[in-house]
1. Which residues, counting only those in the stretch 570-613, are more than 16 Å from Leu633 (Cα to Cα) and not in a helix (DSSP H, G or I)?
2. Name the residue that is farthest from Glu792 (Cα to Cα), counting only residues in the stretch 747-767 that are part of a helix (DSSP H, G or I) and more than 60 Å from the chain's Cα centre (by Cα).
3. What are the pairs, 6+ residues apart or on separate chains, where a residue within the stretch 267-291 that is open to solvent by 40 Å² or more (accessible area, probe 1.4 Å) has its Cβ under 6 Å from a residue that is of a type in the set (S, T, N, Q)?
4. Could you check the stretch 254-303 and list, in sequence order, the residues that are part of a loop (DSSP other than H, G, I, E, B) and more than 27 Å from the chain's Cα centre (by Cα)?
5. Could you tell me which of the residues Tyr751, Tyr778 is in contact with a Gly (Cβ under 6 Å, 6 or more places away or on another chain), of a type outside the set (A, V, I, L, M) and under 22 Å from Leu714 (Cβ atoms)?
6. Regarding Asp678, is this residue in contact with a Pro (Cβ under 8 Å, 6 or more places away or on another chain), surrounded by fewer than 19 Cβ atoms within 10 Å (Cβ to Cβ) and of a type in the set (D, E, K, R)?
7. Give the residue, chosen from Leu167, Leu173, that is within 16 Å of Gln199 (Cα to Cα), open to solvent by 10 Å² or more (accessible area, probe 1.4 Å) and assigned to a helix (DSSP H, G or I).
8. Could you pull out the residue among Thr396, Thr404, Thr340 that is closer than 24 Å to Leu298 by Cα and either hydroxyl-bearing (Ser, Thr, Tyr) or under 16 Å from the mean Cα position of the chain (by Cα) (or both)?
Amino acid sequence: MRTSLFIVLLALPLTLPAAEEPAAFRQGEAALTSGLWEVAAIRFNQLLQDPTLASDQKSRVAIRLAEAWIHSGNPADALNLLRQSFAAKDPAAYFWKAQALAASGRLAEAVDTFAAALDNHQAPYREEALLSRASLQLALTQTDAALLSLKALGTDAAPATAARARLRHAAILLDLGDTQNARAAMPKADTIAPADRSQAALLEARLLAAEGDAAAAITGFAALLDQPQGQSLAGYHAAALGLADALAAQGSPADAAKSLLSFIQGHPESPLLEGMFQRLLQWLPSPPTRDDPILEQLAQWLPPLPPPAASAINTSSSGAVAAWPVISEVSNLAAFSLYTRAIGLQRLNTPEASIEARRLMTRLRLESPAHVLAARALLQTGRWLLEQGHTRQALTALATVRETAKSTTLGGEATFLSAQAAFAEGDPKQAIRLFEEASKSLPARAADTSRLNTAIARLYQGETISTRETSAMTPGTLADFELEQALATTPPAAAITAINAFLTRHPEHPRSAEASLAAVDAALATSPPDLAMARSRLDALAATPTAIEALPPARLALTRLRFTDLSNEPKATITAARTFLEAFPGEPAAADAALVLGRNQFQSGDYNAARMTLEKLAAADPSPGRAQAAWLLAARSAALVPSPQSREEALVLFNHAIASKGPLAPIATMEKARLMIDLNHLAEAAALLRKWYESLAKDEPLRLPAGFLLGEALGAQAIKKPELLAEVLLLYQNLLTHPKVDPATRHRLQYLRGQTLEQLPSSKDPSVKRVAEALEAYDSVLEAAARKPPAEWEWFERCGFRALEIYEAAQRWQPAIAIAKKIAAFKGPRADEAAARARSLQLKHMIWEDE
């Protein structure tokens with residue numbers, strides 16, 4: 001529907017005096033009138049070479065020859081001729097020189113040359129020159145300059161000329177979305193020439209549609225379609241497109257699609273097929289049904305499949321090549337149908353439809369490789385492959401587009417998608433290079449977006465963005481970059497500061513609500529969470545309905561749920577989580593909400609409900625990390641239900657958490673082993689722990705907790721299998737050599753080692769236990785503390801009191817009193833108890849020592 005490029009090339013009457021008109025000139029004129037450009041060029045060239053041609057006639061013949069050459073696609077010779085003095089002096093020379101420049105692709109020079117007609121109202125072909133100049137300026141995206149060219153013609157003395165210029169002026173303004181001024185620019189009906197009336201009627205219908213009067217627009221477009229006489233082909237087909245748009249504007253996309261499908265059926269070679277098929281895609285539901293009328297009609301327009309290659313060996317004289325099928329180029333309608341049906345099928349979002357969609361795109365590329373949509377089909381295939389996670393195949397397809405696309409813009413789009421894939425794959429350097437490359441190929445707005453992505457990729461790589469890079473951005477893109485910079489800021493406290501600064505500078509930014517919500521997320525991520533700030537931002541968003549509308553409902557609801565969760569309100573959190581899951585069951589964030597629900601049920605002591613919630617989440621969650629967390633918490637819930645069956649079932653749930661191979665597997669293994677020990681599954685627990693312990697490197701920190709649990713499982717079995725005590729003792733001795741053993745762990749190990757030694761018989765006299773070695777283990781803890789205050793009290797005092805008990809049992813009162821006093825001297829939690837024991841022993845056994 002946009003105004004098309006308009007270059008006036010007319011065979012205007014220009015005759016010599018009848019008495020002196022050579023035959024070659026008459027023949028050349030007749031050829032020009034008939035569109036026989038090459039014949040006309042030969043005739044005028046012959047005449048120009050005639051030495052008897054009068055000098056005043058020579059310039060006119062040269063102009064006609066230049067015109068013929070331009071029409072026949074030979075602008076270079078036309079330019080050379082028009083540079084000759086005898087041709088350049090003709091008043092019309094400027095016009096044909098400008099036309100030759102435009103035909104040579106030198107649009108800016110053509111615009112400058114047409115300018116000779118701006119102020120010279122007597123210039124030949126002034127109307128055609130200024131209309132052509134405006135069209136060229138539009139092609140150069142010089143919209144304001146084009147409007148000035150038309151304005152100069154809009155005051156022409158000839159009413160029809162002025163009206164024609166005003167129509168073009170109004171059309172441009174309408175394309176720019178300036179409906180009010182477009183309406184004001186429309187000429188009066190009585191000034192419009194009959195040849196321009198259909199164009200004026202089309203423009204009037206378009207204006208009515210833009211003004212929101214769809215009913216009147218429908219009437220106008222329908223009238224044009226009923227009376228095609230006098231209309232251009234493009235104008236008539238534009239009316240069909242306008243009628244469909246007006247029907248859609250009335251809220252009837254199905255009727256709009258039906259109207260357009262019917263028109264295309266009757267006009268399969270329409271020059272506006274691209275715009276028509278774009279509308280069909282726009283009006284196709286997402287997802288559509290298999291029997292959608294648009295999809296069914298597109299299927300009817302698909303070209304028949306080519307015959308299969310010959311199965312037998314071809315023995316004809318044409319050779320082996322003849323064995324392959326000959327694929328003829330498909331029609332324009334078939335190409336658009338292949339492309340559009342493929343995209344429609346992809347929207348069905350089923351594996352079968354996706355395969356068929358890609359097959360149609362491949363057919364388009366193979367059966368119509370020269371079509372404008374062939375490269376676009378490969379680009380779209382690459383985009384689908386990226387969405388489906390087939391990155392390597394996608395990059396291969398996109399690389400082909402980049403190498404072979406004739407359209408610079410299409411190559412730029414492929415490069416942009418490749419950059420996005422590189423960034424998603426964790427290669428910011430490659431992404432930066434490709435985004436920079438794409439920005440040089442894409443149109444202005446897309447290039448600006450590419451530069452923004454370059455800057456974002458640099459941010460994530462920790463690079464500083466230079467002033468030179470930001471100065472190349474438009475103000476809007478620069479504001480977007482500042483927002484991305486604020487969102488990427490770490491830690492959360494710094495992010496809050498950056499986001500607040502952004503909102504202060506850009507309070508009316510279209511993404512200000514998103515920035516406010518990001519500030520809430522950052523406040524909740526601080527340690528401890530800044531609940532006051534989060535509440536303030538959430539309340540401000542709630543007070544602004546337009547801000548709420550700009551946010552994805554699921555994301556806003558999830559942030560509110562996180563706020564309630566961190567506010568330590570389990571009941572309110574459970575209610576909010578259930579509300580979220582009812583409102584957004586299909587959202588990716590639903591899994592996060594389910595995890596919050598299960599965790600709060602667990603914390604509230606509702607272990608059965610927690611288990612059900614978490615087990616359901618874990619079984620369906622595609623995120624391994626979140627699924628593992630859910631399995632672990634479900635297992636904990638089952639273990640806490642006071643039922644033997646539930647506790648046994650918890651072991652199975654722990655197995656799921658362990659099998660997930662995520663970061664929580666060691667915790668799940670330890671908790672499973674703990675539960676197995678508590679359930680008296682000692683042999684199974686020992687087997688699990690021994691295998692895990694032996695798989696760990698000697699300096700692995702997890703070797704310590706695994707060893708403690710293994711020692712406990714073996715020690716519990718030693719009641720019936722005392723031979724296991726030797727393994728337990730060796731285990732604790734090995735753990736003492738671990739590089740990560742701190743004083744508290746050493747105290748614990750010495751205590752457990754002492755406990756084991758007390759049960760082991762002496763190698764010299766099996767009837768005697770290794771109590772002396774146990775006392776040495778306990779005493780080593782007390783001696784170490786004498787040099788440096790104890791780092792912890794529990795295992796230190798356990799060692800001391802166990803030594804005290806051994807001495808008391810052996811009725812060795814003096815060392816018992818000494819140990820009790822030593823414990824008391826450290827002033828630990830049980831110091832008073834130790835001092836009392838010492839006094840009691842002294843009094844009871846009358847043992848007095850000098851203080």
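1. Once the filter is applied, which keeps residues that are more than 16 Å from Leu633 (Cα to Cα) and not in a helix (DSSP H, G or I), the stretch 570-613 yields Phe584, Pro585, Gly586, Glu587, Pro588, Ala589.
2. Only one residue fits best here, namely Gln759.
3. Taking only residues 6 or more apart or on different chains, the pairs are Pro287/Asn349.
4. His267, Pro268, Glu269, Ser270, Pro271, Leu272, Arg290, Asp291, Asp292, Leu302, Pro303
5. Tyr778
6. The answer is no for Asp678.
7. Going through Leu167, Leu173 in turn, just one is within 16 Å of Gln199 (Cα to Cα), open to solvent by 10 Å² or more (accessible area, probe 1.4 Å) and assigned to a helix (DSSP H, G or I): Leu173.
8. Unique residue meeting the criteria: Thr340.
The values are calculated or read from the model by the stated rules, or taken from the named source; none is laboratory data. Values in this document were obtained by computation on a predicted structure and should not be read as measured data. Using ideal geometry, Cβ is built from the backbone for each residue, glycine included, and neighbour counts are taken over all protein chains shown. These area figures cover heavy atoms from the full protein model, side chains too; ligands, DNA and RNA do not enter into them. Shrake-Rupley method; radii C 1.70, N 1.55, O 1.52, S 1.80 Å.
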